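Participant: For reference, the structure I am asking about is given below.
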Amino acid sequence: MGPGPFLRDAELESILARHLGGRPVHGFRQVGSTMDAAHRLAAEGAPEGALAVAMRQEQGRGRLGRTWASPEGGAYLSLILRPARPPSETPQLALVAGLAAAEAIRDAACLSPSIRWPNDLLVNGKKLGGILAEGRWPKADGQGGLRPPASGLRPHVVIGIGINVSTDPAHLPEGSTSLAAEGASRVSREELIAGLCRRFDAWYDGWTRQGFAPVREALRPWIGLFGHPIQLTAGSEQLQGTAQDLDEQGRLVVRLDSGILRAFEAGEVTLLRSREGT
Ligand code: BTN
């Protein structure tokens with residue numbers, strides 16, 4: 001990979017390589033976004049499991065076209081996958097990654113984040129991390145613009161994960177936190193990334209063989225929404241209701257205030273205080 005915004009970092013790569021076994025890893029001192037680095041690597045034929053990791057990002061991106069503040073002190077990684085399951089199921093991979101990240105944080109920091117569906121990691125109500133999945137999803141007509149993969153490889157999906165590790169929350173958007181700010185100041189970023197990869201590999205393997213059902217079971221306890229009143233923004237709609245469950249495809253099932261039960265594929269959830277008596 002050439003110069004420009006992609007500044008590879010041999011030291012970071014060798015530290016990560018020690019933690020990550022044989023996984024191909026591309027480490028960057030600084031990068032625009034690890035998502036772009038990973039897409040580029042995938043287009044060049046990088047295998048499933050290859051990882052792009054940066055110490056900071058100049059143009060980190062989040063969901064819904066937002067930016068992701070990426071100063072030094074965070075774990076910023078993008079994982080290249082070439083899923084064997086039907087493309088219609090690949091959005092579930094963001095939930096697989098959220099589960100793996102929550103478990104890895106618990107293992108490394110003894111903190112138990114909650115997952116705000118679909119893929120925010122929260123501690124004490126503040127945002128500790130987030131997941132971004134990018135791929136070419138198929139269209140309903142099955143065409144989907146999926147290009148025939150070069151050199152016989154399956155089409156790729158990139159899963160991006162950002163976790164604030166030792167970052168000072170003063171350098172993050174309001175409402176954010178880091179592991180250090182929550183009292184876990186001794187967490188090694190590289191060990192966290194390695195633990196996350198191990199957890200992800202195990203769940204991804206299960207998902208590939210058995211589908212979403214085992215992930216759904218494991219994920220439920222991490223989602224602090226069920227039974228609670230929520231506000232949900234889905235596209236141009238703003239709705240209120242009570243979060244009920246995750247369905248077998250990973251959609252959030254909500255009993256809307258109108259009484260209708262509806263499943264959402266994507267959206268932005270805010271937990272409302274109990275509306276009793278209001
Ligand atoms: C979100 O909560 O909106 C998702 C944030 C995802 C951030 C990660 S950091 C590593 C990867 N590179 C990016 O530019 N974004 C993702």
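Participant: Return only the number of the condition from (1) of a type in the set (S, T, N, Q); (2) surrounded by fewer than 23 Cβ atoms within 10 Å (Cβ to Cβ); (3) not in a helix (DSSP H, G or I) that SER88 does not satisfy.
Facilitator: (3)
Participant: Follow-up question, since we're still on this one. Does the stretch 44-56 include one or more residues that are charged (D, E, K, R) and touching a strand residue (DSSP E or B) at 6+ places or on another chain (Cβ under 6 Å)?
Facilitator: Yes, the stretch 44-56 has at least one match.
Participant: Please go through (1) farther than 22 Å from GLU89 by Cβ; (2) surrounded by fewer than 16 Cβ atoms within 10 Å (Cβ to Cβ) for ILE230 and return the number of the only condition it doesn't satisfy.
Facilitator: The one condition ILE230 does not meet is (2).
Participant: Residues in the stretch 179-214 that are on the phi < 0 side of the Ramachandran plot, outside any helix (DSSP H, G or I) and out of contact with any Gly (no Cβ under 7 Å at 6 or more places or on another chain): how many?
Facilitator: Qualifying residue count for the region: 6.
Participant: Another question, then. Which of the residues that make up the stretch 43-66 are modelled with pLDDT under 95 and crowded, with 22+ Cβ neighbours inside 10 Å?
Facilitator: Residues satisfying the conditions do not exist here.
Participant: In the stretch 53-72, what residues are within 13 Å of ARG29 (Cβ to Cβ) and among the aliphatic types (A, V, I, L, M)?
Facilitator: Correct list: VAL53, ALA54, MET55.
Participant: Something else: Condition first: within 13 Å of the ligand (Cβ to nearest atom), farther than 23 Å from LEU219 by Cα and touching a strand residue (DSSP E or B) at 6+ places or on another chain (Cβ under 7 Å). Can you find one or more residues in the stretch 75-88 that meet it?
Facilitator: Scanning the stretch 75-88, I find no residue that is within 13 Å of the ligand (Cβ to nearest atom), farther than 23 Å from LEU219 by Cα and touching a strand residue (DSSP E or B) at 6+ places or on another chain (Cβ under 7 Å), so the answer is no.
Participant: Are any of the residues in the stretch 241-263 under 17 Å from GLY98 (Cα atoms), of a type outside the set (D, E, K, R) and modelled with pLDDT under 95?
Facilitator: no
Participant: Do we have ALA69 as under 16 Å from the mean Cα position of the chain (by Cα), surrounded by fewer than 18 Cβ atoms within 10 Å (Cβ to Cβ) and closer than 22 Å to ALA184 by Cβ here?
Facilitator: The answer is yes for ALA69.
Participant: Residues of the stretch 105-120 being assigned to a loop (DSSP other than H, G, I, E, B) and among the polar types (S, T, N, Q), which ones?
Facilitator: SER112, ASN119
Participant: Name the pairs: first residue in the stretch 51-77 and farther than 20 Å from ALA10 by Cβ, second residue modelled with pLDDT under 95 and near the ligand (Cβ under 8 Å from one of its atoms), Cβ to Cβ under 8 Å, at least 6 apart or on different chains?
Facilitator: Every condition considered, the pairs that remain are ARG63/ASN119.
Participant: What do you reckon, is GLN249 without any contact (Cβ under 8 Å) to a residue 24 or more places away in the chain and either part of a strand (DSSP E or B) or surrounded by 14 or more Cβ atoms within 10 Å (Cβ to Cβ) (or both)?
Facilitator: Answer is no for this residue.
Participant: From the list ALA94, ALA102, which one is in a helix (DSSP H, G or I) and out of contact with any Phe, Trp or Tyr (no Cβ under 7 Å at 6 or more places or on another chain)?
Facilitator: The match here is ALA94.
The values are calculated or read from the model by the stated rules, or taken from the named source; none is laboratory data. What you see is a predicted model, and the numbers here were worked out from it, not measured in a lab. No Cβ is skipped: glycine too gets one built from the backbone with ideal geometry, and neighbour counts run over all protein chains shown.
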